[in-house]
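Novice: First the structure, then my questions, so here it is.
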Amino acid sequence: MDIMQSIYERARAADKSVALPEATEEKTLQTARICVDESICTPVLVGDEGRIEETARQFGIDLNGIRIQEAFDEAFLDDLIERYVAIRPINSAKTMRRKSKDPLYTALMMQAVGDVDVTFAGISHSTGDVIMAGQMVVGLQEGVSTVSSVGIFNIPGFEGSEGPLLGFGDSAVCTDPDSDMLASIAIAACNTVKALVGWEPRCAMLSFSTDGSGDGPLVDKVVEAVRIANERRPDLAIDGEFQLDSAINPTIAAKKVRRESTVAGKANIVIWPDLNVGNIGVKLVQQFAHADAYGPMLQGFAKVVCDCSRSAPVSEMVGNIAMSCVRA
C-alpha cells in the first residue's frame, strides 16, 4: 500500500468535517462531491446557499448529501461570533462581523469553536490570504512563531530510515527565516509528520556545514535554531547543523559527526535553511530522482488550515483534504 492509499483509509476512519468556503467554485463543488462519494470526510459548503445551488446546477454537480451552511444568515452569525469571541477575545465581535463578509473567515470561526475540524481554501484565495486569515482567527500552535509548510518525498531507490520516504520543510512559505522561525518550522514539521504518518520524528537542520566544519552567519543561524528548538521542545529529536549527506546517510554521519546523535544519518525530516534551498532542493529531487513530493501542507496553526494552488486539479485537492483530515 502506498502512502496516499494509507492516508485515504485513515481519513475515512477519522470521519472529520471540512469547511469549504470557496463554495461557488466548480472545483470546490467537484471536490466536495468526491469526498462524500468516497467517504473521505464530511464537507461543509460555507457561503451564499442560493449561489451555491445555482453554481451546482450550472455545472451539473449533485449536492445530495452535502451540507450547506448559509454564511450570511444573521441568527447563525450572531451565535457563531458570540461563541467565537468568548474563546478568542483578542478579536472583537465588531471585527469578526466585518470579516464575515468573506466566508473564509466564517469557516475559520466555525473551526475555532469546534463546529468543523478543518478549513480548506486556495482556489479563489491566495496562500497569503489563507495564512493571514488563519493566523488571525485560529492562531498558532504553542511554541510556534510562524506559519510554514511541510511535505513528504517518496524517492524511488532511496533507502533511508523510513524506506523511500523523507519529510521536508519549508519549501513554500518562509523566504529567509531567522533562527527563531527555523526553530518553529522544525517543531511544526515534527508535529505534522508524526500526525500524518505516525513516525517518531528525527529532524535534521540543514546547512553547508556539519558540526562546525564551516562558519559564518549562515551556519550561526542554523546552530542557534537548533538551540532554540531544543529549548522549546526537549522532547523532540531535533539536531544539527548537518549537511544533507550527514543527515540521511549513516556511513557518512559516522565519519563527520563525532558525537552522540539520535538524528545524524537517520533523519526522517530535513529542514532547509531558506526558501532558495527548499525550492531548488524539491525540484532537484523531483527532476533527477523522479520523486513524488506530497504537499506542501501549511503548518503551525492551532488547528489544521489547508491551502492549495489556485491551479490545483481536483484530484490534488481531494488528496490535500485527506491529509488534513488525518492531521486534524
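The values are calculated or read from the model by the stated rules, or taken from the named source; none is laboratory data. Treat the numbers as computed from the prediction; the structure is a model and nothing was measured. Cβ atoms come from the backbone with ideal geometry, glycine included; neighbour counts cover every protein chain shown.
Novice: May I ask you to verify whether Ser246 is among the hydroxyl-bearing types (Ser, Thr, Tyr), assigned to a helix (DSSP H, G or I) and modelled with pLDDT of 95 or more?
Specialist: On the way: among the hydroxyl-bearing types (Ser, Thr, Tyr): yes; assigned to a helix (DSSP H, G or I): yes; modelled with pLDDT of 95 or more: yes.
When the stated conditions are applied, Ser246 passes them.
Novice: Give Ala86, Ala112, Ala75 a once-over and let me know the one that is at pLDDT 95 or above, touching a Lys or Arg at 6+ places or on another chain (Cβ under 7 Å) and over 17 Å from Ala23 (Cα atoms).
Specialist: When all the criteria are applied, what remains is Ala112.
Novice: So, in segment 145-160, of the ones that are aliphatic (A, V, I, L, M) and not in a loop (DSSP other than H, G, I, E, B), which residue ends up nearest to the chain's Cα centre (by Cα)? Give the derivation first.
Specialist: Pass one, segment 145-160, residues aliphatic (A, V, I, L, M): 147, 150, 152, 155.
Filter once more, so that each one left must be not in a loop (DSSP other than H, G, I, E, B): 150, 152.
Numbers: Val150: 6, Ile152: 11 Å.
Of everything passing the filter in segment 145-160, Val150 is nearest to the chain's Cα centre (by Cα).
Novice: Starting from residues that are within 22 Å of Met323 (Cα to Cα) and touching a helix residue (DSSP H, G or I) at 6+ places or on another chain (Cβ under 7 Å), keep the ones in segment 273-293 and report whichever is surrounded by the fewest Cβ atoms within 10 Å (Cβ to Cβ).
Specialist: The residue in question is Ala293.
Novice: For Pro156, state whether it is under 30 Å from Asp2 (Cα atoms), surrounded by fewer than 19 Cβ atoms within 10 Å (Cβ to Cβ), out of contact with any Phe, Trp or Tyr (no Cβ under 9 Å at 6 or more places or on another chain) and outside the structural domain of Val305 (by TED's automatic domain parsing). Outline the logic, then answer.
Specialist: Values: under 30 Å from Asp2 (Cα atoms): yes; surrounded by fewer than 19 Cβ atoms within 10 Å (Cβ to Cβ): yes; out of contact with any Phe, Trp or Tyr (no Cβ under 9 Å at 6 or more places or on another chain): yes; outside the structural domain of Val305 (by TED's automatic domain parsing): yes.
So Pro156 passes the test.
Novice: Looking at segment 275-290, can you tell me whether even one residue there is in contact (Cβ under 8 Å) with a residue 60 or more places away in the chain, under 21 Å from the mean Cα position of the chain (by Cα) and under 30 Å from Met110 (Cα atoms)?
Specialist: Checked against the condition, which is being in contact (Cβ under 8 Å) with a residue 60 or more places away in the chain, under 21 Å from the mean Cα position of the chain (by Cα) and under 30 Å from Met110 (Cα atoms), segment 275-290 yields no hits at all.
Novice: Tell me which residues, restricted to segment 1-19, are of a type in the set (Asp, Glu) and either at negative phi or not assigned by TED's automatic domain parsing to the domain that holds Val305 (or both).
Specialist: Listed by number, the residues that qualify are Asp2, Glu9.
Novice: Please work out which residue is surrounded by the fewest Cβ atoms within 10 Å (Cβ to Cβ), limiting yourself to segment 161-176 and to residues that are closer than 17 Å to Ile238 by Cα and over 14 Å from the mean Cα position of the chain (by Cα). First the steps, then the outcome.
Specialist: So the first thing to find is which residues in segment 161-176 are closer than 17 Å to Ile238 by Cα, and the list is 161-162, 166-170.
Filter again for over 14 Å from the mean Cα position of the chain (by Cα), leaving 161-162, 166.
On the way: Ser161: 15, Glu162: 18, Leu166: 24.
Per the stated criteria, the residue is Ser161.
Novice: For segment 132-145, which residues satisfy the criterion of being out of contact with any Gly (no Cβ under 6 Å at 6 or more places or on another chain) and either surrounded by 21 or more Cβ atoms within 10 Å (Cβ to Cβ) or at pLDDT 95 or above (or both)?
Specialist: Selection gives Met132, Ala133, Gly134, Gln135, Met136, Val137, Val138, Gly139.
Novice: Still on this structure, I have one more. So which residues in segment 281-309 are of a type in the set (Val, Ile, Thr) and modelled with pLDDT of 95 or more, if there are any at all?
Specialist: Within segment 281-309, Val304, Val305 qualify.
Novice: Pairs only if they're at least six apart or on different chains, beta carbon under 9 angstrom, first in segment 82-93 and farther than 9 Å from Val113 by Cα, second modelled with pLDDT of 95 or more and among the aromatic types (Phe, Trp, Tyr); list them, first residue then second.
Specialist: Asn91/Tyr84; Ala93/Tyr84
Novice: Select from segment 30-55 the residues that are among the aliphatic types (A, V, I, L, M) and more than 22 Å from the chain's Cα centre (by Cα) and write down the one among them that is nearest to Leu77 (Cα to Cα).
Specialist: Step by step, filter segment 30-55, then rank; the result is Ile52.
Novice: For segment 180-228, what are the residues that are surrounded by 18 or more Cβ atoms within 10 Å (Cβ to Cβ) and of a type outside the set (A, V, I, L, M, F, W, C)?
Specialist: Correct list: Ser184, Asn191, Thr192, Pro201, Arg202, Ser207, Ser209, Thr210, Asp211, Lys221.
Novice: Out of segment 60-91, which residues are over 26 Å from the mean Cα position of the chain (by Cα), of a type outside the set (D, E, K, R) and loosely packed, with under 12 Cβ neighbours inside 10 Å?
Specialist: Result: Gly60, Asn64, Gly65, Ala75, Ala86.
Novice: Within segment 204-229, can you find the residues that are over 18 Å from Leu275 (Cα atoms) and assigned to a loop (DSSP other than H, G, I, E, B)?
Specialist: Residues satisfying the conditions are Thr210, Asp211, Gly212, Ser213, Gly214, Asp215, Gly216.
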